[in-house]
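The values are calculated or read from the model by the stated rules, or taken from the named source; none is laboratory data. No experiment lies behind these values; they were computed from the predicted model shown. Here the Cβ is made from the backbone with ideal geometry for all residues, glycine too, and neighbour counts use every protein chain on show. Remember, those area values only see protein heavy atoms, side chains included, never the ligands or the DNA or RNA. Shrake-Rupley method; radii C 1.70, N 1.55, O 1.52, S 1.80 Å.
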There are 4 protein chains.
Amino acid sequence: MNIAMLGSGFIGRFYADSLQGYRNKDKIVSIYSRKEESARKFAKDYAVNFSATNMEAAINRPEVEVVCIALPNNLHEEAVMLCCKHHKAVISTKPLGRNAGESKRMLEAVEKAGVFNGYLEDLVYTPKFIKAYESVKNGALGRILWAKSRETHPGPHSDWFWDMEQAGGGCILDLGCHCVEITRSYIGKDIKPVEVMCWADTQVKPIDAEDHAIALVKYENGSIAQFEVSWTFRGGLDLRDEVMGTEGTIWINSFLRTGFEMFTTGKSADYVAEKAESNSGWLFPVGDELNELGYNHMFMDMFNALEKGIQPKETFYDGYIVNTVLDAAYKSAKTKQWEPVALDIWRGRIGLSKDHHLTEYDADHYLVKEEVTHYGVKKLILKNKKTGKIFEKEVK
Amino acid sequence: MNIAMLGSGFIGRFYADSLQGYRNKDKIVSIYSRKEESARKFAKDYAVNFSATNMEAAINRPEVEVVCIALPNNLHEEAVMLCCKHHKAVISTKPLGRNAGESKRMLEAVEKAGVFNGYLEDLVYTPKFIKAYESVKNGALGRILWAKSRETHPGPHSDWFWDMEQAGGGCILDLGCHCVEITRSYIGKDIKPVEVMCWADTQVKPIDAEDHAIALVKYENGSIAQFEVSWTFRGGLDLRDEVMGTEGTIWINSFLRTGFEMFTTGKSADYVAEKAESNSGWLFPVGDELNELGYNHMFMDMFNALEKGIQPKETFYDGYIVNTVLDAAYKSAKTKQWEPVALDIWRGRIGLSKDHHLTEYDADHYLVKEEVTHYGVKKLILKNKKTGKIFEKEVK
Amino acid sequence: MNIAMLGSGFIGRFYADSLQGYRNKDKIVSIYSRKEESARKFAKDYAVNFSATNMEAAINRPEVEVVCIALPNNLHEEAVMLCCKHHKAVISTKPLGRNAGESKRMLEAVEKAGVFNGYLEDLVYTPKFIKAYESVKNGALGRILWAKSRETHPGPHSDWFWDMEQAGGGCILDLGCHCVEITRSYIGKDIKPVEVMCWADTQVKPIDAEDHAIALVKYENGSIAQFEVSWTFRGGLDLRDEVMGTEGTIWINSFLRTGFEMFTTGKSADYVAEKAESNSGWLFPVGDELNELGYNHMFMDMFNALEKGIQPKETFYDGYIVNTVLDAAYKSAKTKQWEPVALDIWRGRIGLSKDHHLTEYDADHYLVKEEVTHYGVKKLILKNKKTGKIFEKEVK
Amino acid sequence: MNIAMLGSGFIGRFYADSLQGYRNKDKIVSIYSRKEESARKFAKDYAVNFSATNMEAAINRPEVEVVCIALPNNLHEEAVMLCCKHHKAVISTKPLGRNAGESKRMLEAVEKAGVFNGYLEDLVYTPKFIKAYESVKNGALGRILWAKSRETHPGPHSDWFWDMEQAGGGCILDLGCHCVEITRSYIGKDIKPVEVMCWADTQVKPIDAEDHAIALVKYENGSIAQFEVSWTFRGGLDLRDEVMGTEGTIWINSFLRTGFEMFTTGKSADYVAEKAESNSGWLFPVGDELNELGYNHMFMDMFNALEKGIQPKETFYDGYIVNTVLDAAYKSAKTKQWEPVALDIWRGRIGLSKDHHLTEYDADHYLVKEEVTHYGVKKLILKNKKTGKIFEKEVK
């Protein structure tokens, strides 16, 4: 696959390392950067034949088969419109837009133009997520009750993230977009998110945007999603998901505790610990970040789908859903109310009610709980269906 | 110390194991149970000289120095009033009352009677909590931004917990009371909790009360507390706390991951795994539950304080604060609003505003972030104090 | 119980914190130290009525019911002989002697004098060990194949440990004594240790004794024990046990990973992290060291046994076994051979052969392995009893 | 790269999944299997154009650029000789031979023929190993003192592993080959392994080969390597490495604890847990096994090297070293002696003596240890260079 990369910053380089690393057959053939120096450096580092500071020039080249957007949030819409104009397949970094309005326009544009579109939500492509998701789909956890995703770290790398105009928001937009799609996937992408309650604050940083937020997202079937996001966390990148179902539980730690632990006095001066907040004491490196963060499996899905002429797992439609949920979160943080998720476009199931699956013990009773006590006796807690009375019963 | 124990159920026996275990000098001298058979069995098991099915008879004995309430929630107030009547020191299990009204009456009664009163919130006495709390007080985490406590398991042991009248509520009251006091302690017991947002639902069990809830508690200084409680969790007893401060982070796992891991095929038929949901596969036992759950250190604080004539760390006042926060949580779950914490009695600090502690870089700039990049370069993100502009600067 | 404490150093104080802490009824009534200043300070800190720099004077007092030896290794024998002379119950810190000769003399002396004797091997009294041991005894792991104990840290606290004459050896004697008794307990204290292979070296420290050693101890029934000990480990106190049985596995981490994790930038200058090698970055504190290291449960067993007139779990006989195994380890480190464990005294089972418990599949075949393959098929690997041929068989 | 795959069993399919998975540009063009049915099935599953039951026919095809050996151990030599005959680049699974004699002949053959040769020791290509190794090389751990690798599981998948003639040995050869190369890499591949002490036994399985073994490998510079291997472990695949250096420690868990934890009651009947010993209770899946086990990075190194005309990280020479160390282990298990590593070919450093790096405190003293005590005092333990006396000194 021949790729035009838009953006030569931190994320563009991460993408390029994944796209052209390993034994991959894909190739970046065109690079756009706002700064000529950056474009040239990127072109040199990744052996890219064409570089430009004009976005359209980078896109509109015959050899380009797919355009990869790795730009600040405020430039996504412009880039997508150019891809539509030149009828190029397009994949965009997260979040898709700064808000649902932008996302909706992008979604409608690509669909009208009939171009392939992929939403680069890498964290639903991590090897751990993929396997956990399969288990959930196979019923290992029963009915999903709650899914939480947490992403916190000491703040993003590039200046534009901290600027409201360019970024469109703070950690909710930057990190919450991941969390919303992760938890939505566990609950079911065909289940409608209906309302959001969000707390957000600027507790530490000298910025206008929020640097810490927590939200609950209620789904039509009664499942609840939760996100915890922050730019004020100390200790590294905390990336954890938890899922509770009626028959099981999943805990995933994607970064800070992955089975790699190192203590060093730090006496060897040239040793530099990557990503950690310090370079001595106990450190928790990640083996292969590109893989652990899902980049490899994400691009595999995107390009395999493009080659087969099918949709990838994540499309602009998903990016639009995410932005709509986040818009409700922002609104809720201000109004202090549960705010509805204002989905103009919804392609999943509708009219679901909260599931009820009471467990019968016998014709007259529900089973509340069954357990082996502290003293080795099997005990049932039952509820009389008519009277509602709850009582214990020992079983021998 | 000579103790009258009120209640011979699960928690009464747990307390007794702690009180009379180890090399302890304390002694239960009187036991009250609603059922005569239970009272006698308890008396025999713990070598207690006097047993009664009349509560007052168990309390009003000359040798009794302190009364320990281990009864269903709806009987706490009656027991406390009898202790006041007979001028006995009293310590009560959690929650203090079914609501703030009950707690307030109990608080006022013990203070009017001038009797020693202790609130048996064991989870702020676990060895891990005690050490973590000291670190927080010594400033290891800087300013506290957020504290979360999570307690979830597959549901309580005794039937009365599941009954609204006796229990007064579901998992919010049963488990949330722990979480509120844990997080309040990390944030500072002199900081006023001001409002609560709570989601609660009955997702699985055939009961009137909630079996799953999540809440946020805002404090006057801008710190945020969070609790996650459930009776629907699968996998054992999940007991975890997390604290975020400007200078650090604490993660505590008090039960399911404490450094003890066992795999067994379960072929030996007589092996019974305690507390776990299964008795084969990977199991995670806890060494000494009484100690890990804080009972030993709790009673030590209570009795040492009583002997010295001082207040223990946790008093009925704390129990009252907790009930008031939980009342706001219940109200919020219904109104879907942030509800104020209606504290009639408050003995901590007042008039705090949200702290602001921006970090100066130089006279003209605030420091947003400092980091070592992916490529080994030290990078600063700064904000111009006047223009508000945020930009990057590399440092060699 | 009224205790005479011999020794006021690091371990004596640790013992005293356990003995007189919590709600304990026991009391130190006499303290001996080689230095008068230390004796006085200890007496003041722990409210001890009598202090002495003459060992016999501290022992030979009417109120003393039991003598606790917390002295350097080279003084244990003298102390034990004085206890025998004055017919005092005696409990001694580990190792019992500097070698089996000393241990044997002490064992014979206490038995001849008929005095209660206890061996203070705290690590078979940790809450985790106690529960793990019960599981093993109940058969949760099947037949025990291998047990490993590892204790490594950056070196002991007091100067005498580093001196061959006083200590009698290096990390093998200091730490290996724990490991030998832990692993011997899992394998069965009635199973005879028969031979030892040990590697030892002085890799880092400027001392005559070994600062790193690894050994294998073979038992008569074919089980194998292993110890890994070092004074050169970096990162804190690494205290881990592993047990493999035919039906299960146990992993215990007693210190560095117990469910308590803290990150701190270390900016608050007065924060001191105890026991850790640094006071910033990720730290792993232990909640209540006295309890986690087994001191509380150890003294409980000792004194309960003494009160009941029975033997404690660990006696001088166990101390003698441990010293004999360690003597073989020291010899093996020099001869580079497997050295026999020269037990003059053995009270366990004898004449055991290596167990064989082959699993039959049917009359003609043994079962080698049963598994579900990568591709979801159940596969058996069988061995023909007559021909010895091994082959696969799929089962539907 | 066009590959001829020799072997269509478990490992051949694992290799194929890695080679042709992801966005890889490499392609298997020829498959050899001993059974025609297997060859055809493999060809179909992986879209391979040519299949054969004649090994030479599969190798000797013009489009084949590299031959990948995934055969039972007893067939490696024949395959290598055919590659030499037809002058094909060859990469072989582990162990290279059943013994050093076979390995040496293979090494000499490929070097004489001048063909590219790679040794497929995947576990020095895991993402965790690669990053840990870089840290070690950069000095984060100081001088390496000890490196341990442990690989244990409930026994291999295919029948031939259990047969001495085909496999050449038991778990030492099957698993120890990984451990030797892992630990040798941490210590330094230019440091000569000099002698081995090994214990091995057949504790559980009805086989002639060993099913459990532990060994120590001494290196010329005084560093010590250790391996623990078994086919009798219960609980899954235990794959852990530990490294101790003078300035640090590394702990790697590659399989059973990688940050992915799942509890399931197992009620959904169609859920199949891969690789675990059970499909209910707490399970610990691995995200992407191919990546975590190093296959992807291994083939990347092999083929990148082949394209560049350089040597890969692991060659037949390394395979030969490993076999020679394992031969010494087998011999030692029989003789119960430390056995020399009989390296006829050695291309690393020679004449190293055990390093001594004593730390000076001042002109007259060595520093033994520096620590902050239990009581907050900084304490030095020093050794007088002349007298050898060791003493404590407090520093304010």
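When A:Thr53 is tested against (1) over 20 Å from A:Leu173 (Cα atoms); (2) hydroxyl-bearing (Ser, Thr, Tyr); (3) out of contact with any strand residue (DSSP E or B) (no Cβ under 8 Å at 6 or more places or on another chain), just one condition goes unmet, and that condition is (3). Take the conditions touching a strand residue (DSSP E or B) at 6+ places or on another chain (Cβ under 7 Å), of a type in the set (Val, Ile, Thr) and part of a helix (DSSP H, G or I) and apply them to C:Val80. Does it pass? Considered against the rule, which asks whether it is touching a strand residue (DSSP E or B) at 6+ places or on another chain (Cβ under 7 Å), of a type in the set (Val, Ile, Thr) and part of a helix (DSSP H, G or I), C:Val80 comes out as yes. Considering only residues that are at pLDDT 95 or above and touching a Phe, Trp or Tyr at 6+ places or on another chain (Cβ under 6 Å), which ones fall in the stretch A:193-227? Correct list: A:Pro193, A:Glu195, A:Met197, A:Asp211, A:Ile214, A:Ala215, A:Leu216, A:Ile224. Exactly one residue out of C:Ser92, C:Ser30, C:Ser103 is in a strand (DSSP E or B), closer than 22 Å to C:Asp301 by Cβ and open to solvent by less than 10 Å² (accessible area, probe 1.4 Å), and it is C:Ser92.
Residue under question is C:Lys112, and the condition is that it be more than 22 Å from C:Leu96 (Cβ to Cβ) and either assigned to a strand (DSSP E or B) or touching a helix residue (DSSP H, G or I) at 6+ places or on another chain (Cβ under 8 Å) (or both); does it hold? Taking the combined requirement at face value, the residue does not satisfy it.
Would you please name the residue that is nearest to the other protein chains (Cβ to nearest Cβ), looking only at residues in the stretch D:137-158 that are closer than 30 Å to C:Ser230 by Cα and open to solvent by 10 Å² or more (accessible area, probe 1.4 Å)? My answer is D:Gly139.
Restrict the check to the stretch C:372-380 and report whether at least one residue is on the phi > 0 side of the Ramachandran plot, within 14 Å of chain D (Cβ to nearest Cβ) and loosely packed, with under 12 Cβ neighbours inside 10 Å. Yes - at least one qualifying residue is present in the stretch C:372-380. Here C:Tyr366 fulfils each of the conditions (1) more than 8 Å from chain D (Cβ to nearest Cβ); (2) open to solvent by 30 Å² or more (accessible area, probe 1.4 Å); (3) touching an Asp or Glu at 6+ places or on another chain (Cβ under 9 Å) apart from (1).
Across the stretch B:332-348, the number of residues qualifying as touching a residue at least 40 places away in the same chain (Cβ under 8 Å) and surrounded by 13 or more Cβ atoms within 10 Å (Cβ to Cβ) comes to 11.
Of the numbered criteria (1) within 30 Å of A:Gly235 (Cβ to Cβ); (2) open to solvent by 40 Å² or more (accessible area, probe 1.4 Å); (3) away from chain C (no Cβ under 14 Å); (4) not aliphatic (A, V, I, L, M), the one B:Glu165 fails is (1). For the stretch B:125-182, a residue qualifies if it is over 30 Å from B:Ser8 (Cα atoms) and in a helix (DSSP H, G or I), and the qualifying residues are B:Lys131, B:Ala132, B:Tyr133, B:Glu134, B:Ser135, B:Val136, B:Lys137. Of the residues D:Asn384, D:Asn291, the single one that is at pLDDT 90 or above and open to solvent by less than 20 Å² (accessible area, probe 1.4 Å) is D:Asn291. I'm trying to understand the selection: among the residues of the stretch C:4-15, which are surrounded by fewer than 23 Cβ atoms within 10 Å (Cβ to Cβ) and either within 14 Å of chain B (Cβ to nearest Cβ) or aromatic (Phe, Trp, Tyr) (or both)? Passing the criteria: C:Phe10, C:Phe14.
Can D:Gly309 be described as over 24 Å from the mean Cα position of the chain (by Cα), open to solvent by 40 Å² or more (accessible area, probe 1.4 Å), on the phi > 0 side of the Ramachandran plot and at pLDDT below 90? So D:Gly309 fails the test.
Inspect all residues belonging to the stretch C:349-358 and state whether any of them is surrounded by 15 or more Cβ atoms within 10 Å (Cβ to Cβ), farther than 30 Å from C:Thr202 by Cβ and not charged (D, E, K, R). Within the stretch C:349-358, one or more residues are surrounded by 15 or more Cβ atoms within 10 Å (Cβ to Cβ), farther than 30 Å from C:Thr202 by Cβ and not charged (D, E, K, R).
It is to be established whether one or more residues within the stretch B:179-192 are open to solvent by 20 Å² or more (accessible area, probe 1.4 Å), more than 14 Å from chain C (Cβ to nearest Cβ) and in contact with a strand residue (DSSP E or B) (Cβ under 7 Å, 6 or more places away or on another chain). Taking every residue of the stretch B:179-192 in turn, at least one turns out to be open to solvent by 20 Å² or more (accessible area, probe 1.4 Å), more than 14 Å from chain C (Cβ to nearest Cβ) and in contact with a strand residue (DSSP E or B) (Cβ under 7 Å, 6 or more places away or on another chain). Is it the case, given these coordinates, that B:Glu65 is acidic (Asp, Glu), open to solvent by less than 60 Å² (accessible area, probe 1.4 Å), closer than 24 Å to B:Val110 by Cα and under 29 Å from the mean Cα position of the chain (by Cα)? Here the answer is no, as B:Glu65 does not meet what is asked. Look at (1) within 30 Å of D:Thr126 (Cα to Cα); (2) free of Cβ contacts under 8 Å to residues at least 24 places away in the same chain and you find that A:Glu36 fails only one, number (1). Scanning the stretch C:309-330 for residues that are of a type in the set (Val, Ile, Thr) and closer than 11 Å to C:Val341 by Cβ returns C:Ile321, C:Val322, C:Thr324, C:Val325. Using the structure shown, decide if D:Ala328 is open to solvent by less than 20 Å² (accessible area, probe 1.4 Å) and either under 30 Å from D:Gly170 (Cβ atoms) or within 14 Å of chain C (Cβ to nearest Cβ) (or both). In short, yes.
State whether one or more residues within the stretch B:321-339 are at negative phi and more than 25 Å from the chain's Cα centre (by Cα). Within the stretch B:321-339, one or more residues are at negative phi and more than 25 Å from the chain's Cα centre (by Cα). Right, B:Glu392: under 42 Å from the mean Cα position of the chain (by Cα), at the interface with chain A (Cβ under 10 Å from one of its Cβ atoms), assigned to a strand (DSSP E or B) and of a type in the set (Asp, Glu) or not? No, not satisfied. Checked against the criterion of being open to solvent by 20 Å² or more (accessible area, probe 1.4 Å) and over 30 Å from C:Ser135 (Cα atoms), the stretch B:248-267 contains not a single residue that satisfies it.
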